[in-house]
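Q: Would you mind keeping the following structure in view while I ask a few things?
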Amino acid sequence: MDRATWLAERRAAVEADYTRDGPTYDDGYDPTTPTHRRFVTRLIETCPRGGTLLDAPCGTGPYFKMVKAAGRDVVGADQSVGMLAAAHMKHPDVRLEMVGLQELAFDAEFDATMTIDAMEHVPPEEWPIVLANLKRSVRPGGHLYLTVEEGEDREIETSFADIQARGLPGVRGETVADGTGGYHLLPGPCAGSALARGGGSRSRGRGRRVVRRARLRLSPPPVRQPSGSSVSEAELMQ
Ligand SMILES: C[S@@+](CC[C@H](N)C(=O)[O-])C[C@H]1O[C@@H](n2cnc3c(N)ncnc32)[C@H](O)[C@@H]1O
């Protein structure tokens, strides 16, 4: 099987799995960890009162309440209809768009954007288009809160051996073990360290994986400050 076909199948499987899980996704699970909440609070504070944030992908909308309580508006986008349906049940007043990160076409519509716990579903060759789409969604000077799940070297090597043994067209960093859609990307320390250089934090996420996170000021190019938390898109994409 060629890689493009395999990736299209994996993406469809990820979408189907989340749609299946949407109605019960929140049962006993709250993804809004203290670290996420801290970063989201900081992101909200970069926006003027009455401003609008994009939450993409929003899943079931666990951050909508925080944004609205802070006097800002939020638009949610996700590729899985089941997750959007669950978000709509909880927040019927929030504008939702069924669209993939790869197809986001917002143009300077938002004061800030958050992309939380999602880049692990995006294949490495699609990161540039996704990052470009996220950047374009924000007005000049706006910020993006982006998280990246980071794999341990041993896990990455074991997964790659598994991919090769199965004869799949995967690359190092991808995992095909059981789990959402049989696809997960653990980009390793490369992407993570770019975020860390920008002042992002590193902590244990669900399943004890390391999660890197950073609030990125997208444009104009950031002025470097000793304790600043901004990195440029160019740094992020190294
Ligand atoms: C782990 S959930 C995180 C959702 C939300 N950000 C949160 O923190 O709860 C991952 C979400 O990414 C969505 N997703 C996965 N791949 C996507 C893609 N290529 N485009 C848009 N949404 C995607 C899934 O449908 C799911 O809602």
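Every read-out reported here was derived from the displayed coordinates using simple, explicitly stated rules and does not represent laboratory data. Worth saying up front: this structure is predicted, and the values here are computed from it rather than measured. Cβ sites come from the backbone with ideal geometry, for glycine too, and all protein chains shown count toward neighbours.
Q: Considering the zone a paramagnetic label at Arg166 would reach in this model (a point 7 Å from Cα along the Cα-to-Cβ line), which residues of the range 1-22 have amide N under 20 Å from it?
A: Under 20 Å, as judged by backbone N against the label point of Arg166, lie 1-21 of the range 1-22.
Q: What fraction of the Cα pairs in the range 1-158, stated in percent, has a spacing above 29 angstrom?
A: Tail of the P(r) past 29 Å holds 16 percent of the pairs.
Q: Turning to a different aspect of this structure: If you take the Cα Rg of the range 7-77 and divide it by 2.2 N^0.38 Å, with N the number of residues, what do you get?
A: Working: Rg = 14.3 Å, N = 71, 2.2 N^0.38 = 11.1 Å.
This ratio for the range 7-77 stands at 1.28.
Q: Going through the range 5-87, which chymotrypsin sites (Phe, Trp or Tyr not before Pro) have at most 13 other Cβ atoms within 10 Å and a DSSP loop state?
A: Tyr29
Q: Then there's this: At a threshold of 8 angstrom on Cα-Cα distance, excluding pairs fewer than six apart, so keeping six or more, what relative contact order does the range 4-141 reach in percent? Before the final figure, lay out each step's value.
A: Numbers: 208 pairs, mean separation 35.2, N = 138.
After rounding, I find 26 percent.
Q: Find the Rg to Rh ratio for the range 143-183, where Rh is the Kirkwood radius over alpha-carbon pairs and Rg uses the same atoms.
A: We get a ratio of 1.07 for the range 143-183.
Q: Over the range 88-137, calculate the relative contact order: mean separation of alpha carbon pairs under 8 Å at least 6 apart, over the residue count, as a percent.
A: On the way: 29 pairs, mean separation 27.2, N = 50.
Reported relative contact order: 54 percent.
Q: Output the Cα-based Rg and Dmax of the range 73-154 in Å, rounding Rg to one decimal and Dmax to a whole number.
A: Cα radius of gyration and Dmax of the range 73-154 are 13.6, 45 Å respectively.
Q: Which whole-percent values make up P(r) of the range 106-190 when all C-alpha to C-alpha distances are grouped in 10 Å steps starting at zero?
A: Percent of Cα pairs in each bin: 17, 42, 25, 14, 3.
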